[in-house]
1. Report the residue count in the stretch 21-60 for those that are within 30 Å of Ile191 (Cα to Cα), at pLDDT 75 or above and not small (Gly, Ala, Ser).
2. When the stretch 70-80 is examined, which residues are found to be in a loop (DSSP other than H, G, I, E, B) and either of a type in the set (Asp, Glu) or surrounded by 15 or more Cβ atoms within 10 Å (Cβ to Cβ) (or both)?
3. Is the stretch 135-156 home to any residue that is touching a His at 6+ places or on another chain (Cβ under 9 Å) and either at negative phi or among the aliphatic types (A, V, I, L, M) (or both)?
4. Regarding Glu186, is this residue touching a Lys or Arg at 6+ places or on another chain (Cβ under 8 Å) and without any contact (Cβ under 8 Å) to a residue 24 or more places away in the chain?
5. Restricting to the stretch 131-174, give me the number of residues that are surrounded by 14 or more Cβ atoms within 10 Å (Cβ to Cβ) and in a strand (DSSP E or B).
6. Does Ile191 satisfy the criteria of being touching a Ser or Thr at 6+ places or on another chain (Cβ under 9 Å), at pLDDT below 90 and surrounded by 14 or more Cβ atoms within 10 Å (Cβ to Cβ)?
7. Identify, by number, the condition in (1) surrounded by 16 or more Cβ atoms within 10 Å (Cβ to Cβ); (2) farther than 25 Å from His82 by Cβ; (3) at pLDDT 95 or above that Thr128 doesn't meet.
8. Looking at (1) more than 19 Å from the chain's Cα centre (by Cα); (2) not in a strand (DSSP E or B), which is the only condition Tyr127 fails?
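The values are calculated or read from the model by the stated rules, or taken from the named source; none is laboratory data. Small disclaimer: the values here were computed from a predicted structure and weren't measured. Ideal geometry is used to build each Cβ from the backbone, glycine not excepted, and the neighbour counts take in all protein chains shown.
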Amino acid sequence: MKCLLPLWSLCLVLTACQNNPTPSRSQSTSIPSKQSPIVQNPYAPVDVSPIDIAYFPADYPKRSGAEKESEPSARIIYSRPHLQGRHIFHELVPASQPWRLGANEASELELFQPATIQGRRIDAGRYTLYAIPETKQWTIVFNKQVYNWGLDIDPKQDVARFILPVEKPEAQLEYFTMIFLGKEKEASLLIGWDNSLVKLPLRFDR
């Protein structure tokens, strides 16, 4: 009988421990000291200069019905870098040197119908568009060679060159931007970044 009491007491202690379990080590440290890294895309690197597309008329793919019965007049495809605290002109983009107008692949302008630019007719088609930037003016060049990375093109395939005055934007442009402004048959392709912008005027013939 003397040994029953300690055994009975021990059973009570074990039962109490089962009803009130001691927190595990993982439970006691449930708040992580550091957040787990997020994998943005396991299949391909995330590009810091994503591709962008602009149409004339603006937002053409979003239009419907009668607004979309005819083709758009133009489309520009380019990669859109941003400043990230850098000074672009003329530190990273040297003056008087050809520049791809963006990042990654060469920028491409597609004209779905003929256009007149500074009195010169440009046929419908797809063109690589690049620039030769200077302090007071940029030269915008149309080239027939398309589907290029960077600006590995043949200057002999240049179609036309247009000299445009440099304007100053109201505020510094963080993101490189190309967008069409205008309506009906008159448009300007605005090209801007950092503290510089130029406007390429286009008049569509039909």
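1. 10
2. Glu71, Pro72, Ser73, Arg80
3. Among the residues of the stretch 135-156, at least one is touching a His at 6+ places or on another chain (Cβ under 9 Å) and either at negative phi or among the aliphatic types (A, V, I, L, M) (or both), which makes the answer yes.
4. yes
5. 15
6. no
7. Thr128 satisfies every listed condition except (2).
8. Tyr127 satisfies every listed condition except (2).
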